[in-house]
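Remarks on the structure that follows.
Each reported figure results from applying straightforward, stated rules to the coordinates on display, with no laboratory input. The structure presented is a predicted model; accordingly, all values stated were derived computationally and were not measured. Note that each Cβ is placed from the backbone with ideal geometry, even for glycine, and that neighbours are counted across all protein chains shown.
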Amino acid sequence: MNYLLYTLAVVAGYLIGSISCSVVLTKLHYKTDVRTQGSGNAGATNVARVFGMKAGVLTLLGDVLKTVVSMLIGKLLGGDVGLALAGGACLIGHAWPIYFKFKGGKGISVGAGLALMVDWRILVIIASVFAIVFILTRIVSAASVCAAVSIVPAVLIVGAPLAPTIMICCAGPLVIWLHRSNIVRLIKGEEKKFVPKSKSK
């Protein structure tokens, strides 16, 4: 029976994670798909660049919320294991959404949601790393990669149940891999600094 509940947690996490808040928001409000604008990424950063900070923050909050909902459902279905499975599936759905031709975001906002649900102190650590690197560089991808790198030491410092620990320690490398093109540009010195659109449409 537990295996059935775990499977349901994975399916629920993936389907909820596949709700791309950036695509839904931009299609409904701006009558366009953010993936055809700016960098082409379906993430909060690209939304902010193209449509303004308000839209970017709404996207971020929506992605965090869907992660929280996914993991709460997983927890209800299968305890810590269900929570971890649903969280991991949500990240996969976010990156490869079934509703949007498997073209999604790079997982930073979902990663924040994962950290929050495993232990809020992990979120504080990785958010602090993100903030410090962003202040120094003004480059979101550099801050994102550094935050992802900090996930593993953060969870080991704070401590968490085994299943969520394994899940979030796998999430960090996945987020880094999703930023592989950004890393190449960072190495070449070609990555752009973050400049949000000054006023939403």
_Lys, Arg +1 and Asp, Glu -1 on Cβ, resulting dipole of the chain about Cα centre, debye, nearest 20_ = 960 debye
*Regarding the range 14-67, what is the average projected area of its C-alpha convex hull, in nm²?*
3.2 nm²
_Using the Kirkwood radius over C-alpha pairs as Rh, can you work out the diffusion coefficient of the range 1-45 via Stokes-Einstein at 20 °C, viscosity 1.002 mPa s, in µm² per second?_
176 µm²/s
*Give the angle, between 0 and 90 degrees and rounded to the nearest 10, that separates the Cα long axis of helix 162-178 from the longest principal axis of the Cα atoms of the chain.*
20 degrees
*Can you give the extra length, in nm with one decimal, that the chain gains between Leu65 and Leu4 once fully stretched, where that is 0.36 nm per residue apart less the Cα-Cα distance?*
19.5 nm
*Taking the Cα atoms only, what angle lies between the long axis of helix 2-17 and the longest principal axis of the chain, rounded to 10 degrees?*
10 degrees
*Give the distance, in whole Å, between the Cα centre of the range 68-102 and the Cα centre of the range 161-201.*
19 Å
*What list of whole percents do you get for P(r) of the range 85-196, with Cα-Cα distances grouped in 5 Å bins up to the one holding the largest distance?*
2, 13, 22, 23, 19, 13, 7, 1, 0
*asked:* Are there any chymotrypsin sites (Phe, Trp or Tyr not before Pro) in the range 72-109 that are in a DSSP loop and have at most 13 other Cβ atoms within 10 Å? List them by number.
replied: Phe102
*What does the highest-first list of 115-125, 180-190, 45-55, 86-96 look like by mean Cβ count within 10 Å?*
86-96, 45-55, 115-125, 180-190
_Cross-link table Lys27/Lys188; Lys27/Lys103; Lys66/Lys103; Lys31/Lys66; Lys54/Lys75, entries beyond 26 Å C-alpha to C-alpha_ = Lys27/Lys188; Lys54/Lys75
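Pulled fully out, how much extra length does the chain show between Lys103 and Val57, if you take 0.36 nm times their separation in residues and subtract their Cα-Cα distance? Intermediate values should be presented prior to the final figure.
Numbers: separation 46, 0.36 × 46 = 16.56 nm, distance 2.04 nm.
The span from Lys103 to Val57 would gain 14.5 nm if fully extended.
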*Semi-axis lengths, Å, the range 2-188, gyration tensor of Cα atoms, sqrt of 5 times eigenvalues*: 25, 21, 13
*Using R₀ = 30 Å, calculate the FRET efficiency as 1/(1 + (r/R₀)^6) where r is the Cβ-Cβ separation of Lys192 and Cys170; round to 0.05.*
0.55
